Amino acid sequence: MMMKVFCSMVCTSLLLMSGCQHRQDTKAVAGKTDSLVGDSVRTELTLPDSISGGESLNDIRFSRFEEKDWLDNEYIHTLSKRIDSYRKGKVDVPVFGDYKKEVEGQCVIYNVEPFMMGGLFIQFVFIDVPDKLFSAWVYSDVDTKTRRVSNYEVRNITVEEMENPLPKEEILQIVKEHPELMMK
């Protein structure tokens, strides 16, 4: 709830626009199947992260999440580890190439929401490059029988075309009031 309040107070239009882009991108990945049923054609849209019976894998992933879990979870830890590995030169994150120095600084969580292709969609900013908004898709496997979530993996990190409208001073003030937004 705290994250939702933060986003709605500070960046509603930004999130709506980037969220729309985010959803448009995912539609292209979904599978479409046409089959003949009698004299008509039946079209079915299949998302790669769904299971039969009406429950999605995200329903399993996030069913036990409480408010505090949205800002401190294995998805965010996995992203943080990827960023640390980049800083240490262990992995390449091409989108960070133009921001090598700034990526060394602290990172603030901007928005978190379940991703329709499975896993979590995380938007974040680096305090030293506050005008750039980054997005990450972190995926996990789900065992539908045991309902166990495992194998967290950063699938994509991008820089949004739209700039973050908040200056560094406002971000620091928000983090002062809500330290849970700092990526650990």
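None of the figures in this text is laboratory data; all of them are computed from the coordinates on show. Here the structure is a predicted model, which is why all the values come from computation and not from measurement. Here the Cβ is made from the backbone with ideal geometry for all residues, glycine too, and neighbour counts use every protein chain on show.
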message = Past 21 Å, Cα to Cα: identify those pairs from Lys68/Lys176; Lys68/Lys132; Lys132/Lys168; Lys90/Lys168; Lys101/Lys132, in the order given.
response = Lys68/Lys132; Lys90/Lys168
message = Taking the Cα centroid of the stretch 83-98 and of the stretch 115-163, what is the distance between the two, rounded to the nearest whole Å?
response = 16
remark   = Taking the dipole of the stretch 108-164 about the Cα centre (Lys, Arg +1; Asp, Glu -1; charges at Cβ), the one of Val159, Pro130, Asn111 that reaches farthest to the positive side is Asn111
ask   = Highest mean first, what order results for 123-136, 168-181 on Cβ atoms within 10 Å?
value = 123-136, 168-181
ask   = If you place +1 on the Cβ of every Lys and Arg, -1 on the Cβ of every Asp and Glu, and leave all else neutral, what size is the dipole of the stretch 46-148 about its Cα centre, to the nearest 20 Debye?
value = 360
inquiry  = Given N residues in the stretch 97-175, what is its alpha carbon radius of gyration divided by 2.2 N^0.38 Å?
reply    = 1.29
task = Only residues of the stretch 137-167 count here: report those whose backbone N is under 16 Å from the spot 7 Å along Cα→Cβ of Ser63, or say none.
result = 141-150
